[in-house]
Amino acid sequence: MIYEDILGTTKTTILESLNVQDRSIDDLSNLLKINKTAVKEHLEYLEMRGYVTSYFQSGGAGRPKKYYKLTEKGISLFPKRYIDFAKLLLDETERVVGTQRMNEILERIASRMISDTGWLAEDLHDKPREEKIKKIQEYVSMLNILGYNATLDIYSDRVIISRHNCIFYDLAKTNNRIICNSLGKELIVQSLNADFEITEKISSGSNKCVIEVKL
């Protein structure tokens, strides 16, 4: 599991066993060969962080028994093949529909992503400097809603937007042309109607993507 170094071996083993089936403290104590108090402490830690949850189930006579199961967050810790699937989907889609049609699809995807944030684009070319800066600041806030961890530096003749996280990182490494040159660029064009230049890209080895916008 990818988080074993952070969670430790015992907590990881608990999560792996709960991925097989829901279990009680007694079940886990017997499985891990550790006392119930220790199991309870590990479960409380995992529950507090949202990886597991508990419920009671009646087993006939006697008091209902408490069981633990993985939450969606806990399930997400286990390896998934979403990126591999997405890479294949991109390749096959372009092969079937062609590059031009693929770019049209990416334009619509960019439009939907922007629309989902509630962003309203404006033509900034003829706007006064202060209005441009205010709109670009709002644009950076929109980027952070999408998860880019963006910052803004303002200079006399330009602003520099630095995106410190690439939300398409794994895809962009092997599909740079589609993700960066098509979808990524289209996200900028549709949301920031201004003269800009991309001067650095994470997919090209930089530690950030940098967009320079003229004022």
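The values are calculated or read from the model by the stated rules, or taken from the named source; none is laboratory data. Computed from a predicted structure; not experimentally measured. So basically every Cβ, Gly included, is an ideal-geometry build from the backbone, and we count neighbours across all protein chains shown.
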From (1) surrounded by 15 or more Cβ atoms within 10 Å (Cβ to Cβ); (2) at pLDDT 95 or above; (3) in the same structural domain as Lys173 (by TED's automatic domain parsing), pick out the condition that doesn't hold for Leu90. (2)
If we ask which residues in the range 185-210 are over 19 Å from Glu104 (Cα atoms), without any contact (Cβ under 8 Å) to a residue 40 or more places away in the chain and either of a type outside the set (Gly, Ala, Ser) or not assigned by TED's automatic domain parsing to the domain that holds Tyr169 (or both), their number turns out to be 7
All-but-one check, Ile161 against (1) touching a residue at least 60 places away in the same chain (Cβ under 8 Å); (2) among the hydrophobic types (A, V, I, L, M, F, W, C); (3) not in a helix (DSSP H, G or I), failing number (1)
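Tell me whether the range 101-108 contains one or more residues that are without any contact (Cβ under 8 Å) to a residue 24 or more places away in the chain, in the same structural domain as Asn175 (by TED's automatic domain parsing), within 30 Å of Ser141 (Cβ to Cβ) and of a type in the set (Asp, Glu). Steps first, please.
Of the residues in the range 101-108, the ones without any contact (Cβ under 8 Å) to a residue 24 or more places away in the chain are 101, 104-105, 108.
This time we only want the ones that are in the same structural domain as Asn175 (by TED's automatic domain parsing), so: 101, 104-105, 108.
Keeping just the survivors that are within 30 Å of Ser141 (Cβ to Cβ) gives 104-105, 108.
Those left that are additionally of a type in the set (Asp, Glu): 104.
For the range 101-108, residues without any contact (Cβ under 8 Å) to a residue 24 or more places away in the chain, in the same structural domain as Asn175 (by TED's automatic domain parsing), within 30 Å of Ser141 (Cβ to Cβ) and of a type in the set (Asp, Glu): present.
Out of curiosity, is Lys185 over 27 Å from Thr93 (Cβ atoms), surrounded by 14 or more Cβ atoms within 10 Å (Cβ to Cβ) and of a type in the set (D, E, K, R)? Full working, then the answer.
On the way: over 27 Å from Thr93 (Cβ atoms): no; surrounded by 14 or more Cβ atoms within 10 Å (Cβ to Cβ): yes; of a type in the set (D, E, K, R): yes.
Criteria not met by Lys185.
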Scan the range 35-64 and report the pairs whose first residue is within 18 Å of Leu18 (Cα to Cα) and whose second residue is β-branched (Val, Ile, Thr) and surrounded by 13 or more Cβ atoms within 10 Å (Cβ to Cβ), with Cβ atoms within less than 6 Å and a gap of 6+ or a chain change. Lys36/Ile25; Val39/Ile25; Lys40/Ile25; His42/Thr10; His42/Ile14; Leu46/Val52; Gly50/Thr71; Thr53/Thr71
Is it fair to say Ile14 is touching a residue at least 60 places away in the same chain (Cβ under 8 Å), surrounded by 13 or more Cβ atoms within 10 Å (Cβ to Cβ), not in a strand (DSSP E or B) and not charged (D, E, K, R)? no
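Examine the range 72-84 for a residue that is closer than 23 Å to Ile198 by Cα, in contact with a Leu (Cβ under 8 Å, 6 or more places away or on another chain) and modelled with pLDDT of 90 or more, and state whether such a residue exists. Before you say what the answer is, go through the steps one by one.
Within the range 72-84, the subset closer than 23 Å to Ile198 by Cα is none.
No, because not a single residue in the range 72-84 is closer than 23 Å to Ile198 by Cα, in contact with a Leu (Cβ under 8 Å, 6 or more places away or on another chain) and modelled with pLDDT of 90 or more.
Tally the residues that are surrounded by fewer than 15 Cβ atoms within 10 Å (Cβ to Cβ), more than 19 Å from the chain's Cα centre (by Cα) and not basic (Lys, Arg), restricting the search to the range 188-215. Give the derivation first.
Here is the first cut: in the range 188-215, the residues surrounded by fewer than 15 Cβ atoms within 10 Å (Cβ to Cβ) are 189, 195, 197, 199, 204-207, 214.
Subset that is more than 19 Å from the chain's Cα centre (by Cα): 189, 195, 197, 199, 204-206, 214.
Filter once more, so that each one left must be not basic (Lys, Arg): 189, 195, 197, 199, 204-206.
Selection size over the range 188-215: 7.
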Out of (1) surrounded by fewer than 19 Cβ atoms within 10 Å (Cβ to Cβ); (2) in contact with a helix residue (DSSP H, G or I) (Cβ under 6 Å, 6 or more places away or on another chain), the one Asn175 does not meet is (1)
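Collect the residues in the range 52-75 that are assigned to a loop (DSSP other than H, G, I, E, B), closer than 16 Å to Ile25 by Cβ and either aromatic (Phe, Trp, Tyr) or touching a strand residue (DSSP E or B) at 6+ places or on another chain (Cβ under 7 Å) (or both), keeping them in residue-number order.
As a first pass, look at the range 52-75 and keep what is assigned to a loop (DSSP other than H, G, I, E, B): 58-64, 71.
Next, from what is left, pick out any that are closer than 16 Å to Ile25 by Cβ: 59, 62-64.
The answer is Gly59, Pro64.
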